1. Can you check what the net charge comes to around I354, using other residues whose Cβ is under 14 Å from the Cβ of I354 (Lys, Arg +1; Asp, Glu -1)?
2. Largest first, please: the extent of the C-alpha atoms of the range 54-143 along each principal axis, to the nearest Å.
3. Cut-off under 13 Å on the C-alpha distance; same-chain residues fewer than 8 positions from K424 excluded. Which aspartates and glutamates are left, in chain and number order?
4. On the principal axes of its Cα set, how long, how wide and how thick is the range 333-447? Give whole Å, largest value first.
5. Quick check on my link table: of K324/K392; K392/K437; K80/K168, which ones sit more than 26 Å apart, alpha carbon to alpha carbon?
6. Average projected area of the Cα convex hull of the range 248-392, in nm²?
7. Of F297, F218, F331, how do they rank once you tally other Cβ atoms within 10 Å and put the fewest first?
8. Could you compute the FRET efficiency for A325 and E275, with r as their C-beta to C-beta distance and R0 at 22 Å, rounded to 0.05?
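Coordinate-derived values only; no laboratory data. What you see is a predicted model; the values in this text were computed from it and never measured. Here the Cβ is made from the backbone with ideal geometry for all residues, glycine too, and neighbour counts use every protein chain on show.
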Amino acid sequence: MERPSTPSGFNKILLLIASIRRQLGAHSCTALVLGLCFVVSGIFLTSSGRKPSLNSQGTAELFEITRRARLVQSFEADPKASVPQIWETRLAPSTALDRWRRHGRGVWWLIWLDDGEPVLALPNASDPSVLDLLFADQLHQSSFDQRTPLEKRHPSALEQSCLTWLTKGTAVQWQPSGLASISGPLFAALASVSHGCLRVSLQGHRLAAEGPVASSPFVSLGDGLRTGQTNGLLREVPSAYLELNSVALQPLLGSFLNNPLIAEQLTSRYGLSRELRDGLLAAPVTLRVDSLAVGRFQATVQARLMVPAEQRDNLIQSLDAASKALLQRGFQRQQRDLLFSDGASSSRVAVVWIDPQGDPSGGWSLGPERQGEVEVLFALGDAPTLSQSPIKRHDQQHLRLRGRPDQLVRLGWLGPDWPRVIRKASQLELEMTALPKSQQPGWLRLQLELR
């Protein structure tokens, strides 16, 4: 594929996680990584043994603030690290150094409200019922003070779990507006994870995170909590730049394909009816991204879906409509033998589309009906191929994604503005052991290999 200007949706979620990794190095302070721009001054602080924290009243105040927040990040302080730059910005440098030293390994927060710079929130060292809020300027503080108070209520079970993570260690919580500010035009495709809360830990050279994700506010959902360790998540070194296996296409493209504007265009232009769309979204899918040594594109995307056999005729009609559109744009249609990924021939044929420059740009292949399903192959950047060993799901995995971020950097998919912890990671593994439902959250786990 040609280098896209917008990274894929799962990497946007990784950006949230990566931003919590301390000592990322010296970059410009953006809204997301502001709290991680530590001043490398070589100062080594010793812990005083004290750990300022919030009591129940202080925690209740934090909850009320997070109800308004689009993004919240909690950090467990490291007294041996340099004073965070935002502490020195909001406090005088000498005051920041003294308070950082006395803070020990206590938790502190960055809270993004409607707009502007985040609020730095610190537990008051002498009164655990008080949360010190340090705003970027007087205007932001005045705007906050003038807000209409929210109706008091207790956290739901799911909100309480997230609140516990935010007050006990490193975690991140986001609402739709927070995710939208990060994902930009991809937000419409991320509605199934528009609410989320992940606890984060560093295990040797591995950055691990897990937590619930949902398409609706946590207050309206059951707890849906999952337990378990992520130690075994990174199992094998990826053989491709990116691999995915999901029980359905729904968690990946459901929000995008069901968007009313998108759905109307797909129906009117390509005959993609609601019935066919639902069949595709319910279909199990595997996907693989490999590099290409020659040709116009740097990588190829190969996807395999198992579609209900009763949708075969509808699918053929939709592909015929897509063929007419491609022909009108100057592409040439070729029919070729469908090959395995090692070059061996199969008994099937593939439709391959050649662009005006003479390079294959993609195609598709429909297999015979077997046990009530039809195997459909789609490709971008090259002709479709049959994969001999797609990535497998294990145990309770509903979705598994595996990749090599450092190689995606070589493709230009991860540009220089991405945090170094992502760009340098040799492995990424992500799983969902529960998919988001109308009344239950999904559960997401991920690990990054930082070596």
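1. Local net charge: +1.
2. 33, 28, 19
3. Excluding near neighbours in sequence, the set is D406, E449.
4. Reported extents, whole Å, longest axis first: 42, 41, 28.
5. Details: K324/K392 36 Å; K392/K437 23 Å; K80/K168 19 Å.
Pairs exceeding the cut-off: K324/K392.
6. 9.0 nm²
7. Numbers: F297 20, F218 24, F331 17.
The most exposed by this proxy come first: F331, F297, F218.
8. 0.55
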